[in-house]
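Chemist: Below you will find the structure I want to go over with you.
The values are calculated or read from the model by the stated rules, or taken from the named source; none is laboratory data. Predicted model, so just to flag it, every value in this text is computed and none were measured. So basically every Cβ, Gly included, is an ideal-geometry build from the backbone, and we count neighbours across all protein chains shown.
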Amino acid sequence: MTYSLEKNNALIKHKLSILRNKKTGTKEFRELINEIATLLCYEAMKDVKLEECTIETPICKTKGYLLDENKYAFISILRAGNGMIDGLTKVIPNAKIGHIGLYRNEETLEPVKYYYKVPKDIKNREVILLDPMLATGGSAAESIKLLKEEGVKKIKFLCIIAAPEGITKLQIEYPDVDIYCAVIDECLNENGYIVPGLGDAGDRIFGTK
């Protein structure tokens, strides 16, 4: 299932418009990525199971509900995924964090792993996989494959902008992985960039171009 926030959220539309603008500077771009990531996290956590507890307010005792934060892991697809981490740790500060680094083989065009570091008990955690852009879906699909090989049972994919091509690939290969995005854009161009998109998210987050 794919969930897009932009259709019913004026605040997301506002922030996306500033994010897309080529005149938006690095500092503001980073802040917006994290703000939107926070909103995506709230949406992705709507269905989590809570533990019932008793709490005492200044007035009386009452029933409460708590999230077991130690059940979760945020996995960033390098390097752009790192730009979303702060936004999510504001919501679930005790979640463990991992990283997956991939590059594309120029001959085969297949993703190749160059870095992989996740929590040792990753198979016992629910994983939220992060990448601002879901374009062809190649890196996301490979990352999901690696996590499933570790024994991870539940994965959610969070991105800022998704292309229909990438969504289709993930839905076909991993229909059990829900996709949460701020917006679904029109298509990919001949160079594999999302249209209208926002350019290279990694370069804009880290100011490398």
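Chemist: Output the number of the condition that Arg79 fails; it satisfies all remaining conditions of (1) touching a Gly at 6+ places or on another chain (Cβ under 6 Å); (2) in contact (Cβ under 8 Å) with a residue 60 or more places away in the chain; (3) outside any loop (DSSP other than H, G, I, E, B).
Modeler: Only one criterion is unmet by Arg79, namely (3).
Chemist: Next up: So for the range 131-139 (the condition being polar (S, T, N, Q) and under 27 Å from Asp203 (Cα atoms)), does at least one residue qualify?
Modeler: Yes; the residues of the range 131-139 include at least one that is polar (S, T, N, Q) and under 27 Å from Asp203 (Cα atoms).
Chemist: Of everything in the range 164-209, what is assigned to a strand (DSSP E or B) and over 20 Å from Ala37 (Cα atoms)? Give them in sequence order. Talk me through it step by step, then tell me what you get.
Modeler: Restricting attention to the range 164-209, the residues satisfying the condition of being assigned to a strand (DSSP E or B) are 178-184, 187-188, 194-195.
Scanning the range 164-209 gives Cys187, Leu188, Val195.
Chemist: Considering each of Lys13, Lys46, Lys23 in turn, give the residue that is more than 29 Å from Arg125 (Cα to Cα), of a type outside the set (Asp, Glu) and loosely packed, with under 12 Cβ neighbours inside 10 Å.
Modeler: Lys23
Chemist: Separate question: Is it the case that Leu147 is touching a residue at least 24 places away in the same chain (Cβ under 8 Å), within 27 Å of Leu5 (Cβ to Cβ) and not in a helix (DSSP H, G or I)? If you could, list the steps in order and put the result at the bottom.
Modeler: Numbers: touching a residue at least 24 places away in the same chain (Cβ under 8 Å): yes; within 27 Å of Leu5 (Cβ to Cβ): yes; not in a helix (DSSP H, G or I): no.
Considered against the rule, which asks whether it is touching a residue at least 24 places away in the same chain (Cβ under 8 Å), within 27 Å of Leu5 (Cβ to Cβ) and not in a helix (DSSP H, G or I), Leu147 comes out as no.
Chemist: Search the range 162-204 for residues being charged (D, E, K, R) and over 18 Å from Lys22 (Cβ atoms), and hand back the single one that is modelled with the lowest pLDDT.
Modeler: That would be Glu190.
Chemist: Let me ask another. Determine if the range 36-51 includes at least one residue that is of a type outside the set (Ser, Thr, Tyr) and in a strand (DSSP E or B).
Modeler: Yes, the range 36-51 contains at least one residue that is of a type outside the set (Ser, Thr, Tyr) and in a strand (DSSP E or B).
The rows are residues; the columns are (1) within 16 Å of the chain's Cα centre (by Cα); (2) crowded, with 20+ Cβ neighbours inside 10 Å.
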residue	(1), (2)
Glu107	no, no
Lys169	no, no
Asp178	yes, no
Arg204	no, yes
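Chemist: Just to be sure, is Gly98 part of a strand (DSSP E or B), touching a Pro at 6+ places or on another chain (Cβ under 9 Å), at pLDDT 90 or above and not aliphatic (A, V, I, L, M)?
Modeler: Details: part of a strand (DSSP E or B): yes; touching a Pro at 6+ places or on another chain (Cβ under 9 Å): yes; at pLDDT 90 or above: yes; not aliphatic (A, V, I, L, M): yes.
Taking the combined requirement at face value, the residue satisfies it.
Chemist: From the set of residues in the range 133-183 that are touching a Ser or Thr at 6+ places or on another chain (Cβ under 9 Å) and aromatic (Phe, Trp, Tyr), which is nearest to Gly101 (Cα to Cα)?
Modeler: Result: Phe157.
Chemist: Of the conditions (1) among the aromatic types (Phe, Trp, Tyr); (2) in a helix (DSSP H, G or I); (3) closer than 17 Å to Glu126 by Cα, Phe29 satisfies every one except a single condition; which number is it?
Modeler: (3)
Chemist: Could you check, for the range 83-94, whether at least one of its residues is of a type in the set (Ser, Thr, Tyr), outside any strand (DSSP E or B) and surrounded by fewer than 16 Cβ atoms within 10 Å (Cβ to Cβ)? If you could, list the steps in order and put the result at the bottom.
Modeler: Initially, the range 83-94 is screened for residues of a type in the set (Ser, Thr, Tyr), giving 89.
Next, from what is left, pick out any that are outside any strand (DSSP E or B): 89.
Then drop every residue that is not surrounded by fewer than 16 Cβ atoms within 10 Å (Cβ to Cβ), which leaves none.
Taking every residue of the range 83-94 in turn, none turns out to be of a type in the set (Ser, Thr, Tyr), outside any strand (DSSP E or B) and surrounded by fewer than 16 Cβ atoms within 10 Å (Cβ to Cβ).
Chemist: Out of (1) out of contact with any Ser or Thr (no Cβ under 6 Å at 6 or more places or on another chain); (2) under 18 Å from Thr38 (Cα atoms); (3) hydrophobic (A, V, I, L, M, F, W, C), what's the single condition that is false for Leu130?
Modeler: (1)
Chemist: I would also like to ask the following. Only residues that are exposed (fewer than 12 other Cβ atoms within 10 Å of the Cβ) and either under 17 Å from the mean Cα position of the chain (by Cα) or under 16 Å from Ile205 (Cα atoms) (or both): list them for the range 1-10, please.
Modeler: Matches in the range 1-10: Met1 only.
Chemist: Failed condition for Asp68, given (1) touching an Asp or Glu at 6+ places or on another chain (Cβ under 7 Å); (2) under 25 Å from Ile172 (Cβ atoms); (3) surrounded by fewer than 16 Cβ atoms within 10 Å (Cβ to Cβ), with all others met?
Modeler: (2)
Chemist: Are there any pairs with C-beta distances below 8 angstrom linking a residue in the range 22-51 that is closer than 13 Å to Ile12 by Cα to a residue that is among the hydroxyl-bearing types (Ser, Thr, Tyr), with the two at least 6 apart or on different chains, and if so which?
Modeler: Pairs that qualify, where the first residue is closer than 13 Å to Ile12 by Cα and the partner is among the hydroxyl-bearing types (Ser, Thr, Tyr), are Leu32/Thr24; Leu40/Tyr180; Glu43/Tyr3; Glu43/Tyr180.
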